[in-house]
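Before any comments, here is the structure.
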Amino acid sequence: MNTKTFALMALLLPALMLLVPSVTWADGQPDVAAFGKDASFTEVSGPAQQGNAEAQNRLGWMYEYGKGGVARDYKQAMYWLQKSVAQGNDKAQLNMGDMYFNGWGVPQDYKQAVFWWRKSAEQGLDLAQSNLGLMYAKGQGVAQDYQQAMYLDQKAAAQGNADGQYGICALYLYGHGVAQDYKQAFYWCQKSAEQGNALGQLGLGWLYDTGNGTAQDKTQAAYWYSKSAMQGNADAQENLEALYSTPDSGGGSTYVRPVHNHRR
């Protein structure tokens, strides 16, 4: 590894593990099968009041995120989510974890977030598994345990979860709980990136940029940095700018340029 590559690696690697977009923690979309993707407050409120756990979760989610034509109201969100989790609803458990993780309507409490995400993960919900995996990787609300992080990320990734796939990539990238393996990192970041995950795209761009786990390809690096930057990932934008300024980058004319500060 030459001096320039080592310097770039030292500059860019920390972002890959530590930057976590809000969607990782706040994507508790309820099951819409019973109500339709665009179900309104009116359509959901009746079944919720009659005790339907899915409807209660859906209504809680609407209040949590200000969806379905209602304003955000964390007290109402908590009220309906509590009714749903009392019936063991896995998606409501996920959303309850989001409430505690973000401190929405309750004091921020990572241990409570872990508690609820664990309940949901044990029921097999992939979003909860990937959330819980990251908590173990970072040691938030639970003792740091990379083996548990890998186990949970693998469970989520087996269901096609892009956050879980990125989690596996990051563990291999750093050699956390496993032998460092850039080829495995490349494999899992590619899976995540191809599903549109901004961190997977950032990681894949970095691997192409440095030639770790794959043949060095600055054009591919720029492409994936751009994809990530287009979702608002500031580190990808910074990496892309650094790539353009590198003398041996091969020029920028063939690169896909990002749209600044755009969020999907």
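For the residues Ala234, Ala242, Ala185, the requirement of being of a type in the set (A, V, I, L, M), modelled with pLDDT of 95 or more and out of contact with any strand residue (DSSP E or B) (no Cβ under 8 Å at 6 or more places or on another chain) singles out Ala185. Against the criterion of being more than 27 Å from Gly211 (Cβ to Cβ) and either touching a Leu at 6+ places or on another chain (Cβ under 9 Å) or modelled with pLDDT of 95 or more (or both), Gly141 qualifies. The selection criterion, being within 27 Å of Ala215 (Cβ to Cβ) and more than 15 Å from the chain's Cα centre (by Cα), does not hold for Tyr151.
Within segment 44-95, which residues are part of a loop (DSSP other than H, G, I, E, B) and among the polar types (S, T, N, Q)?
Applying the first criterion (part of a loop (DSSP other than H, G, I, E, B)) to segment 44-95 yields 50-52, 66-73, 86-89.
Selection gives Gln50, Asn52, Gln87, Asn89.
State the number of residues belonging to segment 191-220 that are surrounded by fewer than 24 Cβ atoms within 10 Å (Cβ to Cβ) and outside any loop (DSSP other than H, G, I, E, B). Selection size over segment 191-220: 6. Scan Tyr172, Tyr187, Tyr151 and give me the residue that is closer than 23 Å to Lys91 by Cα, of a type in the set (Phe, Trp, Tyr) and either touching a helix residue (DSSP H, G or I) at 6+ places or on another chain (Cβ under 9 Å) or not in a loop (DSSP other than H, G, I, E, B) (or both). Sole residue among the options that is closer than 23 Å to Lys91 by Cα, of a type in the set (Phe, Trp, Tyr) and either touching a helix residue (DSSP H, G or I) at 6+ places or on another chain (Cβ under 9 Å) or not in a loop (DSSP other than H, G, I, E, B) (or both): Tyr151. Looking only at segment 174-198, count every residue that is touching a residue at least 24 places away in the same chain (Cβ under 8 Å) and either under 19 Å from Ala234 (Cβ atoms) or under 17 Å from the mean Cα position of the chain (by Cα) (or both) and tell me the total. Total satisfying the criteria: 10.
I'm checking my understanding of the structure. Among residues of segment 62-74 that are within 21 Å of the chain's Cα centre (by Cα) and under 14 Å from Glu43 (Cα atoms), which one is modelled with the highest pLDDT? Filtering segment 62-74 for residues that are within 21 Å of the chain's Cα centre (by Cα) and under 14 Å from Glu43 (Cα atoms), the one modelled with the highest pLDDT comes out as Met62. With respect to the stated conditions, Lys75 fails to be closer than 20 Å to Tyr151 by Cα, surrounded by fewer than 16 Cβ atoms within 10 Å (Cβ to Cβ) and among the basic types (Lys, Arg).
On the basis of being basic (Lys, Arg) and touching a Gly at 6+ places or on another chain (Cβ under 9 Å), does Lys67 make the cut? Taking the combined requirement at face value, the residue does not satisfy it.
Across segment 146-157, which residue is surrounded by the fewest Cβ atoms within 10 Å (Cβ to Cβ) among those that are among the hydrophobic types (A, V, I, L, M, F, W, C) and closer than 16 Å to Ala193 by Cα? Please lay out each step first, then the result.
Of all residues in segment 146-157, those among the hydrophobic types (A, V, I, L, M, F, W, C) come to 149-150, 152, 156-157.
Of the ones still in play, those that are also closer than 16 Å to Ala193 by Cα are 156-157.
Numbers: Ala156: 27, Ala157: 25.
If we take residues in segment 146-157 being among the hydrophobic types (A, V, I, L, M, F, W, C) and closer than 16 Å to Ala193 by Cα, then Ala157 is surrounded by the fewest Cβ atoms within 10 Å (Cβ to Cβ).
Evaluate the following for Gln82: is it within 23 Å of Glu122 (Cβ to Cβ), under 21 Å from the mean Cα position of the chain (by Cα) and touching a residue at least 12 places away in the same chain (Cβ under 8 Å)?
No.
Before we move on, is Gln201 polar (S, T, N, Q), out of contact with any Phe, Trp or Tyr (no Cβ under 6 Å at 6 or more places or on another chain) and within 17 Å of Ala236 (Cα to Cα)? So Gln201 fails the test. The one condition from (1) among the polar types (S, T, N, Q); (2) more than 26 Å from Phe41 (Cα to Cα); (3) outside any loop (DSSP other than H, G, I, E, B) that Gln140 does not meet is (3).
The values are calculated or read from the model by the stated rules, or taken from the named source; none is laboratory data. Worth saying up front: this structure is predicted, and the values here are computed from it rather than measured. Note that each Cβ is placed from the backbone with ideal geometry, even for glycine, and that neighbours are counted across all protein chains shown.
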